[in-house]
Every structure is written in structure tokens, then in C-alpha cells.
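Please treat every number below as a calculation from the coordinates, not as lab data. The model shown is predicted, which means the values in this text are computed figures rather than measured ones. For neighbour counting, all protein chains shown are included, and Cβ atoms are generated from backbone atoms with ideal geometry for every residue, glycine included.
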Amino acid sequence: MQSVVIVRDRTPPKAIGYAVKEDEEAMSKRRQLDPMAPWVNLSTTPADWKAASPALLATMLGELHLIRAFEETVLELAGEGLVHGPAHSSIGQEGGAVGSIVGLTTQDAVTGSHRGHHQFLAKALTHVSNGVLDPAALVTDAVQVVLQRTLAEILGLAQGYCRGRGGSMHLQWFEAGALGTNAIVGGGVPLAAGNAWAQKHGGTKDVTVAYFGDGAMNIGSVL
Ligand SMILES: Cc1ncc(C[n+]2csc(CCOP(=O)(O)OP(=O)(O)O)c2C)c(N)n1
């Protein structure tokens with residue numbers, strides 16, 4: 001798929017209703033921009049849903065519920081003034097994180113930026129559950145530890161994955177393949193590229209997934 005990105009394009013002066021000379025008009029040039037890396041849009045089909053195993057769908061539903069409840073709790077605590085630092089909630093974006101992470105192995109890696117609770121949790125939960133959750137008994141001991149340590153990190157407490165020194169924007173657990181979120185818009189992309197390079201040159205088939213918001217699109221480290 002070809003995608004065209006028009007950056008801060010201006011409406012041609014004529015179109016907004018005042019006269020310009022021919023040479024002024026000639027100053028406006030258009031050049032088609034095509035990303036060097038292939039971009040694809042991935043969407044599901046009815047056949048995908050038919051082929052998806054009930055166990056996979058149950059696991060996805062379980063992760064979605066856990067992350068949603070977690071984010072609601074973070075917002076509640078932030079509202080009470082108990083988060084001493086930022087709380088960049090990812091509420092409403094759980095689906096993208098779970099859908100893209102549930103199929104990853106522990107050796108696969110993820111990076112994120114300032115808004116990454118959902119990606120971090122999806123990776124950590126997939127790691128401790130080996131990608132299988134039972135919605136009827138969601139909070140196993142291992143899941144409880146992930147939720148508690150992640151919340152502790154956001155609250156700046158010592159139980160956190162980074163001993164509470166990172167907070168909401170710095171969630172990292174190497175053992176789970178969560179290489180780290182960080183405060184730089186688009187900042188996870190070069191880290192992911194470096195890790196993917198190492199994976200490739202290590203002869204593995206592992207992948208690294210980087211997440212970024214639309215605000216990061218024109219940051220130099222992303223495109
Ligand atoms: C390099 C850099 N520039 C500016 C900021 C300040 N900043 C923090 S969040 C943000 C908006 C990011 O938008 P987007 O990437 O779309 O993510 P969203 O917050 O909308 O999920 C900006 C500009 C920053 N953290 N890093």
C-alpha cells in the first residue's frame with residue numbers, strides 16, 4: 001500500500017480567494033513522499049475469527065480486562081492525588097497492545113514511549129502466563145505480582161520493576177522482553193531498531209515491536 005504524508009501543506013492562495021502573480025504560484029511545489037520501508041494496514045477477516053482458537057480468544061479477553069481494570073485503578077488513584085508523577089493512561093487502547101503482543105514469545109521484545117502501560121502489561125502478562133489465561137480464574141499468583149509491581153512502579157514504590165524510580169513512563173522488565181518505555185516521543189523506535197539488529201545478527205527469528213503515537217510520525221528517529 002502506498003501512503004502519502006502531506007506535512008503542513010498550505011491551501012494554494014488562489015483557492016482562498018485572493019489574486020497572486022504567476023511566479024508566486026510557481027513557488028508551490030508538490031513532491032510525492034513514499035516511505036522507504038513498506039507500510040501495510042492489517043485487519044481481520046471473518047476467516048481469521050473462525051480460525052482463532054477459543055483459548056486464544058479467552059486469553060485476549062482476559063488480558064483486555066486486566067489491563068482495563070488496571071488503568072481504571074491508576075486513574076482513580078491519580079484523581080485522589082496518590083500518583084506522585086505522571087500517569088499517562090492508555091485506557092481505551094488495550095486492544096492494540098493485546099492483539100499485537102499476545103502472539104509474541106518471551107524472546108520477542110517490545111519498546112514504547114511515554115504512554116505504554118498497556119504494552120508493558122500485555123508483554124509481562126503474556127510472559128508469566130505463557131500466553132494462556134483463563135478468564136474464569138484470571139488473577140493467578142504470577143498475574144498478581146505483575147499487576148502489583150507495575151502499579152508500584154507507577155506509584156514510585158520500591159516494589160516496582162525499576163524500584164519506583166522510573167514511574168509511569170519508564171516501565172522495563174528485560175526478562176519478559178519489555179525493553180522499556182521512555183519519556184521521549186518516538187523514543188522507543190531507535191531502541192527497537194537496535195534490538196532487532198541484534199536479533200537478526202544473532203541468527204534468531206525473534207522480532208521486536210515498537211509502538212509510537214501519531215505525534216511521533218515526523219520525529220527524526222521514527223521516519
Ligand atoms: C522529543 C519530545 N518532544 C516533545 C515531548 C513532549 N510531549 C509529550 S507527549 C507529547 C504528545 C505525543 O503525541 P503522540 O505521540 O501522538 O502520543 P499520545 O500522547 O497522543 O498518545 C509531546 C509533544 C516529548 N516528550 N518528547
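Do we have any residue at all in the range 197-212 that's within 11 Å of the ligand (Cβ to nearest atom) and touching a residue at least 40 places away in the same chain (Cβ under 8 Å)?
yes
Can you tell which of Thr105, Thr59, Thr73 is polar (S, T, N, Q), within 24 Å of Val209 (Cα to Cα) and either assigned to a helix (DSSP H, G or I) or touching a helix residue (DSSP H, G or I) at 6+ places or on another chain (Cβ under 6 Å) (or both)?
Thr59
So the check is Cβ under 6 Å with 6+ separation or different chains; which pairs have a first residue in the range 94-117 that's of a type in the set (Lys, Arg) and a second one that's within 16 Å of the ligand (Cβ to nearest atom)?
Listed pairs, sorted by first residue: Arg115/His88; Arg115/Ser90.
Taking into account only those residues within the range 155-185 that are away from the ligand (no atom under 16 Å from the Cβ) and assigned to a helix (DSSP H, G or I), which is farthest from Ala58 (Cα to Cα)?
Phe174
Residue under question is Phe120, and the condition is that it be closer than 30 Å to Trp197 by Cα, touching a residue at least 40 places away in the same chain (Cβ under 8 Å) and assigned to a helix (DSSP H, G or I); does it hold?
Spelling it out, Phe120 is indeed closer than 30 Å to Trp197 by Cα, touching a residue at least 40 places away in the same chain (Cβ under 8 Å) and assigned to a helix (DSSP H, G or I).
Let me spell it out: the conditions are (1) surrounded by 17 or more Cβ atoms within 10 Å (Cβ to Cβ); (2) part of a helix (DSSP H, G or I); (3) of a type outside the set (Asp, Glu); (4) within 16 Å of the ligand (Cβ to nearest atom), and Pro190 meets all of them except one. Which number is the exception?
Condition not satisfied by Pro190: (1).
Are there any pairs with C-beta distances below 9 angstrom linking a residue in the range 34-56 that is outside any loop (DSSP other than H, G, I, E, B) to a residue that is β-branched (Val, Ile, Thr), with the two at least 6 apart or on different chains, and if so which?
If the second residue must be β-branched (Val, Ile, Thr), the pairs left are Ala55/Val132; Leu56/Val102; Leu56/Val132.
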